[in-house]
Amino acid sequence: MARILGGLAASHVPSIGGAIARGLQQDPYWKPFFDGFIPGQQWLRDVKPDVAVVFSNDHGLNFFLDKMPTFAIGAAPIYPSADEGWGIPVNDPWPGITPLSWHIANEVVAAEFDPVICQEMLIDHAVCLPLACFFEENGTKKGRPVKIVPVGINTVQLPVPSLKRCFEFGRAVGRAIESYPEDLKVVLIGTGGLSHQLEGERAGHLNKEFDKFCMDHMAGDPSPLTKISAIELIEKAGTAGLEFMNWMTMRGALLGDLREISRTYHIPISNTAAAVQVLEQLPRMAQAAE
Ligand SMILES: [Fe+2]
């Protein structure tokens, strides 16, 4: 059976792609951010996953404000990237794993969720950059070590799902993964956040205290997070801080006890509170023996 090894979370900002392209990982501005990935890179080298299920929000490559699915699941054999208009390089494609995608889609629909299923899907910086940072060791290309299942969440345009709904959707995805009959090792990645707002009167809004609260409850009891409404999340984390919903969906898909491998929090990268967190899911056998 497929097994979930753990969950990784990281902020995504287009300028990270520019920094990788220019080799700025040791630059004083960027070094604290990129160094945050080192424990996750080491952990991934140790556990050697086969698949990454990536929870993120699309930034206009697939969906725009006229059509915005609440949840979307990629079911494509390959996921190309494309020019996002930020001047960042277009990433090479990542391979998909359509049988697992369809299994997840079937199971979450059976669990009464209604995602859009995308047999073609582009991946933007929200998918490509965290993958690059976690798997390619600060941009040095080493092929594509995992296949991916991208899962899109509407964090962009109201009405957005609640954190509770995201958590429950994540639960359904996690149960689907663990019922997949093939012996695959799966990691989950939630991208985006943490607090930031890029427009309007509150442009530049950051909330260090709330971000710490979120990371504490990602590693521990997530139930207080499920009580936060979408509007309250905007008030606390900023409009773009809604991307924490991607972290929350990932957290929902972690079904067992957790051990926090690492967390880093760095302000600011492009007016964003940039964070990286790695959570290992303890093997069920070990949990049963405890
Ligand atoms: Fe974003």
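Inclusion of P130 among residues that are part of a strand (DSSP E or B) and of a type outside the set (S, T, Y) is not warranted. Out of all the residues in the stretch 263-270, is one or more among the aromatic types (F, W, Y) and farther than 20 Å from R171 by Cα? Yes, there is a match, as at least one residue in the stretch 263-270 is among the aromatic types (F, W, Y) and farther than 20 Å from R171 by Cα. Across the stretch 17-29, not a single residue is classified as under 17 Å from the mean Cα position of the chain (by Cα) and among the β-branched types (V, I, T). Under the condition of being surrounded by fewer than 18 Cβ atoms within 10 Å (Cβ to Cβ) and in contact with a Ser or Thr (Cβ under 8 Å, 6 or more places away or on another chain), the residues counted in the stretch 86-106 number 4.
Restricting attention to the stretch 193-240, the residues that are part of a loop (DSSP other than H, G, I, E, B) and touching a strand residue (DSSP E or B) at 6+ places or on another chain (Cβ under 6 Å) add up to 4. Can F34 be described as within 16 Å of the ligand (Cβ to nearest atom) and either of a type in the set (A, V, I, L, M, F, W, C) or more than 22 Å from S195 (Cα to Cα) (or both)? So F34 does not fit the description; no. Picking from residues in the stretch 159-210 that are away from the ligand (no atom under 16 Å from the Cβ) and among the hydroxyl-bearing types (S, T, Y), the one that is farthest from E280 (Cα to Cα) is S162.
Looking only at residues that are loosely packed, with under 14 Cβ neighbours inside 10 Å and in contact (Cβ under 8 Å) with a residue 24 or more places away in the chain in the stretch 56-85, which one is nearest to the ligand (Cβ to nearest atom)? The residue in question is G60.
Each value in this text was obtained by applying a stated rule to the coordinates, not by laboratory testing. These figures come from a predicted structure and were not determined experimentally. Here Cβ is always computed from backbone atoms with ideal geometry, including for glycine, and neighbour counts include all displayed protein chains.
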